[in-house]
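I have placed the structure first, in the form of structure tokens, so that the comments after it can refer back to it.
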Amino acid sequence: MNHALIHKGHKTNLKNVLEALEALSCFDAWTRLDSYWKLSQQKKYSLQAKESMSKMLNMIGNRLPRDAGNGWKLPTFHNTMHIMDDMCRYGKPKEANTEVGEKNHKFFAKRIGRHCRKQHKSFTRQVSVRLSDSFVIEKVASAMGLLTDEATVHTTTLPNQQNNNDNKGTTFGATHCSLHLVDGNDVKIVWLSSTEKHLLTWDAAVVTFIKENYMSIDNQTTINCCTEYKRNNVLMRCHPSYQGEGPWFDWVSVYFEACTIKKKKFLKGNYPCKVVAILPKQHNSFLGETEVIVQCAGSKTKKDSVLFEEWTLMDRYYTVSVAAILETLFVLELGSNKVAVALSYSKWPSCFTDTSSY
């Protein structure tokens with residue numbers, strides 16, 4: 001992409017393009033806020049936001065060149081500057097957001113419409129009847145406890161219906177495997193999955209870590225692992241071939257106490273970590289709590305952008321309690337033991353304009 005921009009003679013580069021895209025992301029997050037300034041402060045903060053919009057649009061025009069037609073001389077491009085006037089008159093943009101309707105359209109119309117006869121006279125009636133039947137079936141199934149994955153339920157929660165599994169942690173939907181110590185030295189891995197065996201692999205270094213830290217110390221000959229675990233609304237995955245489409249290893253924020261490793265001091269705080277293995281207590285009776293094996297990022301390189309912080313990875317694995325995991329993170333693996341960690345989404349709006357008094 002960088003070569004293409006230079007080849008076309010544009011006075012920009014990949015770094016400038018990425019900064020412009022980050023500015024757009026910050027603007028998008030800002031438009032999704034639930035509340036803004038007080039009415040008494042409207043003039044001050046609306047002017048600041050308008051100045052931020054102007055800078056963003058100039059950045060787009062200069063760093064994201066558009067050769068087709070009139071370039072960026074478009075009414076829709078210019079109309080962005082009128083958002084502030086509309087907000088002062090009618091309120092926050094979220095009140096007019098149509099994304100929810102578009103998203104539900106897939107469930108309410110498209111999904112059901114695929115199974116109907118494509119005849120003009122009866123199509124609308126068929127979709128309506130099937131949608132009504134779908135609501136009734138899901139409502140009954142939810143009441144009977146047959147739908148445990150809340151993401152697939154489009155009905156409202158029934159009164160007095162509680163799900164306490166989330167606080168305890170659940171492996172629902174996970175693929176399970178066992179590591180068996182054979183002949184006192186070798187480790188045999190058995191997957192409980194119908195996925196093709198050549199897709200289900202283990203990193204040899206992780207296997208060695210489990211062997212040295214569990215089998216050798218705790219004298220356990222069998223360690224059970226899973227590829228998914230959910231606790232307190234935090235879902236983490238570590239699968240060698242998730243849905244047959246390749247490896248999926250989530251990144252999470254983990255709280256560590258202050259410590260010293262190899263004569264280097266680390267302050268207490270939250271560190272980004274890559275989940276490489278999950279040992280659920282439900283399937284390992286010797287554990288008091290579910291444990292997660294992670295690869296940690298130890299220090300920042302100070303080569304940050306607006307939305308990303310660059311970290312250096314440590315060269316070994318660590319075991320952490322699932323209770324120390326705070327949230328999942330969006331991370332870009334840059335190679336050479338470096339990763340770029342995105343800031344929490346709640347901080348993005350303040351990167352666009354001043355939101356201190358919102």
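Rule-based calculations on the coordinates, nothing more; no lab input. All values derive from a computational prediction rather than experimental measurement. Here the Cβ positions follow ideal geometry from the backbone for every residue, glycine too, while neighbour counts run over all protein chains shown.
Pairs of alpha-carbon atoms within less than 8 angstrom and 6+ residues apart define the contacts here; what relative contact order does region 239-358 have, in percent? The partial results should precede the final answer.
Working: 217 pairs, mean separation 24.9, N = 120.
Over region 239-358, the number comes to 21 percent.
Just need the relative contact order of the chain here, percent rounded to a whole number, with Cα pairs under 8 Å and 6+ apart.
Numbers: 480 pairs, mean separation 52.5, N = 358.
Over the chain, the number comes to 15 percent.
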| remark: In degrees, nearest 10, the alpha-carbon axis of helix 42-63 is tilted away from the dominant principal axis of the alpha carbons of the chain by 80
| query | Computed from these coordinates, which is mean projected area of the Cα convex hull in nm²: (i) 23.9; (ii) 22.8; (iii) 27.1? | reply | (iii)
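If you take every residue apart from Thr80 with its C-beta less than 15 Å away from the C-beta of Thr80, what net charge results, scoring Lys and Arg +1 and Asp and Glu -1? Don't skip to the answer; put the middle values down first.
On the way: positive: Lys50, Lys55, Arg66, Lys73; negative: Asp28, Glu51, Asp85, Asp86.
Result for the neighbourhood of Thr80: 0.
Rounded to two decimals, what ratio of Rg to Rh does region 176-349 give with C-alpha atoms and a Kirkwood Rh? Walk me through the numbers before you get to the answer.
Values: Rg = 16.8 Å, Rh = 17.3 Å.
Result for region 176-349 is an Rg/Rh of 0.97.
Give me Phe108, Phe286 sorted ascending by neighbouring Cβ count inside 10 Å, so fewest comes first. Don't skip to the end; give the middle numbers.
Working: Phe108 16, Phe286 11.
Ordered from fewest to most neighbouring Cβ atoms within 10 Å, Phe108, Phe286 come out as Phe286, Phe108.
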| said: Taking just the alpha carbons, could you work out the radius of gyration and Dmax for region 202-261, both in angstroms? | reply: 14.5, 40
| message | Going by Cα centres, region 328-343 and region 219-291 are how many Å apart? | response | 17
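Compute the signed sum of charges (Lys and Arg +1, Asp and Glu -1) over the other residues within less than 10 Å, Cβ to Cβ, of Ala258. Intermediate results must be reported in sequence, preceding the final value.
Working: positive: Lys265, Lys268; negative: Glu257.
Net of charged neighbours comes to +1.
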| task | Calculate how steeply helix 14-31 sits against the longest principal axis of the alpha-carbon atoms of the chain, using the helix alpha-carbon long axis, and give the answer as 0 to 90 degrees to the nearest 10. | result | 80
| note | With Ser321 itself left out, Lys, Arg at +1 and Asp, Glu at -1 over residues whose Cβ is under 11 Å from its Cβ give 0
